[in-house]
Amino acid sequence: MQQLFAAFGVNVSLLIAQAVNFAIVLIALWYFLYKPVLEMIEKRKEVVAKGVEDAALASEKLAQADGEAESRIAAADSEASGIVSSAREAANAEKARLLKEAEARAVAVTQDAEARAQEIAAKAKRESEKDIARLAILAAEKVLTSKHD
């Protein structure tokens with residue numbers, strides 16, 4: 001075998017030394033470079049997987065928050081509608097009450113005005129009756145005094 005190596009110009013002791021050097025470099029690279037790079041890649045995979053998991057969880061929470069917000073908005077909308085309708089009912093009831101009160105006042109004012117008008121008419125009638133009676137007495141006096149004279 002040495003003759004074969006010698007025929008190709010290969011030095012066996014140098015080949016063994018290079019193989020040992022290559023094995024040392026290979027072990028050093030594996031220990032100092034390949035192993036840390038694999039650990040770093042594994043950590044990166046874990047970080048990426050955690051990021052994906054967190055993103056999915058955040059997306060789920062966002063969907064829940066959107067659903068809750070929509071339900072709150074719907075509840076607030078229905079509550080607002082109820083408040084508006086109750087306010088309208090209260091306003092209509094107050095309007096009806098005020099109308100009845102105004103009609104009652106109008107009737108009372110009309111009756112009071114009619115009573116005052118009747119009182120004024122009666123007073124005017126009494127005064128005119130007094131004036132007529134006085135004028136009748138004066139006329140009778142004139143007639144009597146003119147017949148006596």
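The values are calculated or read from the model by the stated rules, or taken from the named source; none is laboratory data. Predicted model, so just to flag it, every value in this text is computed and none were measured. Cβ sites come from the backbone with ideal geometry, for glycine too, and all protein chains shown count toward neighbours.
Have a look at ALA91, ALA122, ALA106 and point out the one that is hydrophobic (A, V, I, L, M, F, W, C) and more than 47 Å from the chain's Cα centre (by Cα). Let's see the steps before the verdict.
Values: ALA91 fails: more than 47 Å from the chain's Cα centre (by Cα); ALA106 fails: more than 47 Å from the chain's Cα centre (by Cα).
None of the others qualify; the one that does is ALA122.
Is it the case that some residue within segment 140-149 is at pLDDT below 95 and not in a helix (DSSP H, G or I)? Quick ask: steps written out before the conclusion?
Within segment 140-149, the subset at pLDDT below 95 is 140-149.
Right, trim to not in a helix (DSSP H, G or I) and you get 149.
Scanning segment 140-149, I find at least one residue that is at pLDDT below 95 and not in a helix (DSSP H, G or I), so the answer is yes.
Could you say whether any residue in segment 9-23 is assigned to a helix (DSSP H, G or I) and either exposed (fewer than 10 other Cβ atoms within 10 Å of the Cβ) or in contact with a Cys (Cβ under 6 Å, 6 or more places away or on another chain) (or both)? Reasoning before the result, please.
Within segment 9-23, the subset assigned to a helix (DSSP H, G or I) is 12-23.
Retained after the next criterion (residues that are either exposed (fewer than 10 other Cβ atoms within 10 Å of the Cβ) or in contact with a Cys (Cβ under 6 Å, 6 or more places away or on another chain) (or both)): 13-14.
Looking through segment 9-23, at least one residue is assigned to a helix (DSSP H, G or I) and either exposed (fewer than 10 other Cβ atoms within 10 Å of the Cβ) or in contact with a Cys (Cβ under 6 Å, 6 or more places away or on another chain) (or both).
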